[in-house]
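J.: Dropping a structure here in structure tokens format, bear with me for questions.
Derivation of every value follows stated rules applied to the coordinates shown; laboratory data play no part. For clarity, every value in this text was computed on a predicted model and none was experimentally measured. Positions of Cβ are backbone-derived with ideal geometry, glycine not excepted, and every protein chain shown enters the neighbour counts.
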């Protein structure tokens, strides 16, 4: 069994940044790329809010750049999915389909997946009018008519944020009542750019190369209708990738890994030597730049832990 100082699970902005810092600290990190190499940024057509790129950069190009930086410092990559972990062991055990690894410290950066409606055209038009991140993509919809799908606080926040750019926003919800807090509902209702469409679900996304509209179904009558929009933002939550760690790590009610609970280290979990960073533990910001920042913190926390372990 191969043993390392640090193993990192996940290759999005958080995992790659953690790897860069760990490698520069001469900790010889092994990075297991995981479920979605590059993370959610890979499905973002244009990134304009990541520092250092004044003209913007595509999501895949950004991740290629960060990966190349990690390779420059000698990070070793394993193109595999983790199938199991034993965090009670010392060292920690990480299993993939083909190999088993051990590490004194483990950094979890498995990220989260935005929940979508599951429509065929939704996936086909991803990045072409379909998005799950208003702060990432709102800028590209200046003066346009768009819709937001959802009924919780996230949907209200996304719709309100998008009023800075879009001319008109339809907020579509499948029920008569919202799950969102009263204050968020009232804020959205007071905005003249937002119009609510209740008791309706999106059953198709229209458009060949770009979103031109959505097909709605009335949940009470079953009646179908088309709504002309140039963008669709899905705001029905995120699912953190934490199933591997259930029963071993403290996980909150939303499924996110709990950090900084028993330690002054920001990324520490309830198990010494195990750290989490990025969207797997961040249910609030969910940005590439904040994920990268927490990856830096995780590497620093892990380095300090290893130094203390060495000192006994």
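J.: Quick one: grab the alpha carbon gyration tensor of the range 73-144, order the square roots of its eigenvalues as a ≥ b ≥ c, and give me rounded if a/c is under 1.5, else prolate or oblate depending on whether a/b is larger than b/c.
T.: Because a/c hits 1.5 or more and a/b exceeds b/c, the range 73-144 counts as prolate.
J.: Just to check, using Stokes-Einstein with a Kirkwood Rh over alpha carbon pairs, what's the diffusion coefficient of the range 116-234 at 4 °C and 1.567 mPa s in µm²/s? Display every interim value, and only then the final one.
T.: On the way: Rh = 14.0 Å.
Here the translational diffusion coefficient equals 93 µm²/s.
J.: Please give the contour-minus-distance gain from residue 221 to residue 201: 0.36 nm per residue of separation, less the Cα-Cα distance, rounded to one decimal in nm.
T.: 6.0 nm
J.: I'd like the distance separating the alpha-carbon centroids of the range 173-187 and the range 75-95, in whole Å.
T.: With the range 173-187 and the range 75-95 each reduced to a Cα centre, they are spaced 42 Å.
J.: Moving to a separate point now. Roughly how tilted is helix 13-24, in degrees to the nearest 10 and between 0 and 90, from the longest Cα axis of the chain?
T.: 20
J.: Kirkwood hydrodynamic radius (Cα pairs, Å) of the chain? Intermediate values should be presented prior to the final figure.
T.: Numbers: mean 1/r = 0.0485 Å⁻¹.
Result for the chain stands at 20.6 Å.
J.: Please list the radius of gyration and Dmax for the range 240-303, considering alpha-carbon atoms only, with Å as the unit.
T.: Cα radius of gyration and Dmax of the range 240-303 are 10.9, 30 Å respectively.
J.: In what sequence, highest mean first, do 143-150, 97-104 appear when ranked by Cβ atoms within 10 angstrom?
T.: 143-150, 97-104
J.: Let me have the relative contact order for the range 116-234, percent, based on Cα pairs under 8 Å that are six or more residues apart.
T.: Contact order relative to length: 31 percent.
J.: Right, another one. Sequence gap at least 6, Cα distance under 8 Å: using those rules, report the relative contact order of the chain to the nearest whole percent.
T.: On the way: 724 pairs, mean separation 65.2, N = 312.
Taking the mean separation of contacting Cα pairs over the length of the chain, I get 21 percent.
J.: So what is the relative contact order of the range 193-312, in percent, for Cα pairs below 8 Å that sit 6 or more residues apart?
T.: The value is 13 percent.
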